[in-house]
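Structure first, commentary second.
The values are calculated or read from the model by the stated rules, or taken from the named source; none is laboratory data. Quantities reported herein were computed from a predicted structural model and do not represent experimental measurements. Please note: Cβ atoms are built from the backbone with ideal geometry, for glycine as well, and neighbour counts cover all protein chains shown. Accessible surface is based on the protein model in full, side chains and every heavy atom, while ligands, DNA and RNA are left aside. Shrake-Rupley method; radii C 1.70, N 1.55, O 1.52, S 1.80 Å.
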Amino acid sequence: MIGICRCGPRHAASPGSGHAPHGQSNDRRWALSRLLGAGLAGVALMNAPRQASAGATRMAPLPSDEAFMRLAIAEAALADFPFGAVIVREGAVVSTGRNLGRTTNDPTAHGEMVAIRRFVASRPADELKGATLYTSGEPCPMCMSAILWCGLGRVVYAASIEELATKLGQIMLSSQAVADAAPFANIAITGGVLADEALALFHN
């Protein structure tokens, strides 16, 4: 009687097939060679070079930060929820965004996301690399992840997540923590620029 397996009628194992010869599944030498091969492959994988983790670097405010942050706060004053953002490249504003969650019926339409989407709608995404994003509130994990994927070089925020949490619900994960969890990330973060002015929007 011919034995049948999922790979077809009984046959002898061919080199490199990964199958034991049928009728010899208990062959200790074959099993040992398979285990040895798997072990060596595991060692090779463990010793393979890995990309070094970069993460985030804390950066002190620059003289120009307040002027650009006031533009972000002005966007926030017009938003569905008081959050606004501007993207600056080579000293010039190249995109703006404000929270449009209610207007567009889109819970992901945060100020940072809107600014990024507006930019890539008309310009190559590669031009975001190295740019600076100013935002009236520290980016949530969703927005910070998008910022990292876009390769932005710096984030400047006004109110921190801890401060924002006193006004409305927040996912309590800092922008620094998100960046540090991304091995490919290389971004500078500056916080607390005009935080009081940003938080004052929640009282209006």
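Every residue, every condition in (1) touching a Leu at 6+ places or on another chain (Cβ under 7 Å); (2) on the phi > 0 side of the Ramachandran plot; (3) open to solvent by 20 Å² or more (accessible area, probe 1.4 Å), yes or no:
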| residue | (1), (2), (3) |
| --- | --- |
| 114 | yes, no, no |
| 117 | no, no, yes |
| 127 | no, no, yes |
| 130 | no, yes, yes |
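Of all the residues in segment 80-109, those that are open to solvent by 20 Å² or more (accessible area, probe 1.4 Å) and among the hydrophobic types (A, V, I, L, M, F, W, C) number 6.
Scanning segment 151-171 for residues that are of a type outside the set (A, V, I, L, M, F, W, C) and either at positive phi or surrounded by fewer than 21 Cβ atoms within 10 Å (Cβ to Cβ) (or both) turns up 151, 153, 154, 160, 162, 163, 166, 167, 169, 170. Among residues of segment 172-204 being acidic (Asp, Glu) and either in contact (Cβ under 8 Å) with a residue 12 or more places away in the chain or assigned to a loop (DSSP other than H, G, I, E, B) (or both), the one that is surrounded by the most Cβ atoms within 10 Å (Cβ to Cβ) is 197.
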